[in-house]
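Notes follow once the structure below has been shown.
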Amino acid sequence: MSFEVESLCGSIDKMMQKHLPPEEVRRRDEQADPPNHLLKFYAEMGLFELVMPLQDHEWDLNRWQRLSIIQERLGYHATMAALLYNRVACFGMMTLITSANKAQQDRFLPQLVSGGGAFALALSEAGAGSDAGAIQTRAERFDAGWKITGRKIWISGAADAIRLIVAARTDPISKGGSGITLFMVDPDAPGVAMSQLEKIGNRCSLSYDIGFEEVAVKEEDRIGDVNGGFDCLKKTLFYARSGLAAAVVGTAQAAVDMAATHARDRKQFGKPIASFQVIAHRLANMQTDVDLARLLARELAAAIDSGKDCSRLAAQAKLVSTETLKRVTEHGMQIMASAAYASESDMNRYWRDARLYSFGEGSSEVLLDLIAADMGVGRGVAG
Ligand SMILES: Cc1cc2nc3c(=O)[nH]c(=O)nc-3n(C[C@H](O)[C@H](O)[C@H](O)COP(=O)(O)OP(=O)(O)OC[C@H]3O[C@@H](n4cnc5c(N)ncnc54)[C@H](O)[C@@H]3O)c2cc1C
């Protein structure tokens, strides 16, 4: 880690200790109170500025590797903090940078960089989860713009988003990923109705069911080409998967550290439980899993920086990191037993939250299909 990144991580530690200490993470999780106040501190520290291309529009060669370390550090302190950062940096800013026109970038990038809010992705529908190409929400042309009608589900951070990025079918006879376009929609626009969904984990990232009833959208709020929405989403996929992989590696490390500390402190049969080989080996395997997941997450960040095609690596990093978090938190719950089962324990929050990441943003099964296809095996192979 370079001196610059190391000192940035030190500043993140201080900022988190001051503005989102562990007891505040617990309170917010219990009360489902998103830590949106962090955005302004991220901005003050220049964490969003790091995502921007340099003055001469060239990318800094270590940019994404640096961001990956920052995302991991935030995830170590609190997954909710890393996911909030990622929603602005990997989704909002990268969608604007890779797919929006200059006017749209000028309109929204300064607001995101200064910590003024986040975007929300409105893609999933009741009948379109893993099969995102099955969406039914439609956008029809009228006068100078479009009217959107349909229903989205499980949309994170929708109510307080600056804009919803809504995927809607613009070619009524199209199927699958073609014929879909992205639009920026004001969550307060007439015709938008939201209700909040209750859930067992990730309680600080509020989820919404959203109805769109002939919501008028101006032509200037269309992102990318008409019918080119999936191409736009694919352009941000690597960044989103890289950010999520780094964040969950950070949380997985926090879970291992917590389980190891508990095992050293907790005495049964007159000895610390860490002295029992079965516990010590379990912890050694957990740490090895996290180290392997970190290597893959950093490898992905390096591949992004070098401009290589990283579809397979992005799928692998997301698969390995999220499955690792699920595994180590399951072990953490067993090692800490009743101490983890108590509501106030951070371990059960890690464990509850971990359930989401192996199916959200591309389930493990779908990612394995992608990796298999890249290897020339699986569904695409002729019989
Ligand atoms: C808390 C939360 C936040 C979310 N945030 C957002 C958001 O901000 N924006 C958004 O658009 N969406 C969001 N989602 C939706 C999320 O992306 C979907 O839940 C996810 O895509 C999975 O869809 P599904 O739940 O309908 O599961 P399904 O697609 O019904 O899958 C069910 C199971 O079948 C498996 N499966 C499906 N297809 C195949 C296949 N071809 N081969 C093998 N197995 C398969 C899956 O892997 C899974 O195990 C969120 C969801 C949650 C719970």
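The values are calculated or read from the model by the stated rules, or taken from the named source; none is laboratory data. On a predicted model such as this, the values are computed, not experimentally measured, just so you know. A quick note on method: Cβ atoms are made from the backbone with ideal geometry, for glycine too, and the neighbour counts reach across all protein chains shown. Please note that ligands, DNA and RNA were not included when accessible areas were found on the heavy atoms of the full protein model with its side chains. Shrake-Rupley method; radii C 1.70, N 1.55, O 1.52, S 1.80 Å.
How much net charge surrounds Ala128 when only other residues with a Cβ under 15 Å from its Cβ are counted (Lys, Arg +1; Asp, Glu -1)?
That sum, taken over residues with Cβ under 15 Å, equals +1.
For the stretch 120-227, what does the alpha-carbon gyration tensor say about shape, rounded, prolate or oblate, given a ≥ b ≥ c as the root eigenvalues, a/c under 1.5 as rounded, and a/b over b/c as prolate?
Oblate shape, in that a/c is at least 1.5 and b/c is the bigger or equal ratio.
Tell me, in nm to one decimal, what length is gained between Ala284 and Ser343 on full extension, where the rule is 0.36 nm per residue of separation less the Cα-Cα distance?
So the extension gain works out to 18.6 nm.
Could you tell me which chymotrypsin sites (Phe, Trp or Tyr not before Pro) in the stretch 268-343 are loop residues by DSSP with no more than 12 other beta carbons within 10 angstrom of their beta carbon?
Answer by residue number: Phe269.
Restrict the search to the stretch 133-232; then list the GluC sites (Glu not before Pro) that DSSP places in a loop and that have at most 16 other Cβ atoms within 10 Å of their Cβ.
Qualifying residues, ordered by number: Glu198.
What three numbers, in Å, describe the spread of the alpha carbons of the chain along their principal axes, ordered from the longest?
79, 57, 42
Restricting attention to the stretch 317-383, which GluC sites (Glu not before Pro) occupy a DSSP loop and are surrounded by at most 14 other Cβ atoms within 10 Å?
Here the GluC sites (Glu not before Pro) that fit, given the DSSP loop and packing criteria, are Glu344.
Quick one: accessible area per residue over the chain, 1.4 Å probe, rounded to a whole number of Å²?
47 Å²
Out of every Cα pair in the stretch 216-280, what percent are spaced more than 19 Å from each other?
Value for the stretch 216-280 (Cα pairs over 19 Å): 62 percent.
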